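Visitor: Here it is: the structure, laid out below.
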Amino acid sequence: MIGIFKTNISTLQDKNRVVSAIAGHFSTTDCTLDLEDCDKVLRVISQQLEEQHVISFVRKLGYQCAVLD
């Protein structure tokens, strides 16, 4: 899966928290978040992960997250 998500994560501290939490909780190949993009794009690459799991996890951390159309 290559998941591309729109978020409301806006600070470097929040970015680091979310990326570290995803990498620590799931088996991912790559996880990045672009704070400079207007959609604050989160990109997750994983062989076994499903998009809905990422969305639920990020929402539990207190942020908005949805598949980017």
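Laboratory data are not the source of any read-out in this text; all were calculated from the coordinates shown. Please read these numbers as outputs of a predicted model, since none were measured by experiment. Glycine gets a Cβ as well: all are built from the backbone with ideal geometry, and neighbour counts include every protein chain shown.
Visitor: How much length, in nm to one decimal, is gained on full extension between VAL67 and THR29, taken as 0.36 nm per residue of separation minus their Cα-Cα distance? Please list the in-between numbers first.
Guide: Numbers: separation 38, 0.36 × 38 = 13.68 nm, distance 1.86 nm.
Fully extending the segment from VAL67 to THR29 adds 11.8 nm.
Visitor: Further question on the same structure: Can you give the local net charge around MET1? Use residues other than it whose beta-carbon is closer than 15 angstrom to its beta-carbon, Lys and Arg +1, Asp and Glu -1.
Guide: So the surrounding residues net to -2.
Visitor: Considering every pair of different Cα atoms, what Kirkwood radius, in Å, is found for the chain?
Guide: 11.6 Å
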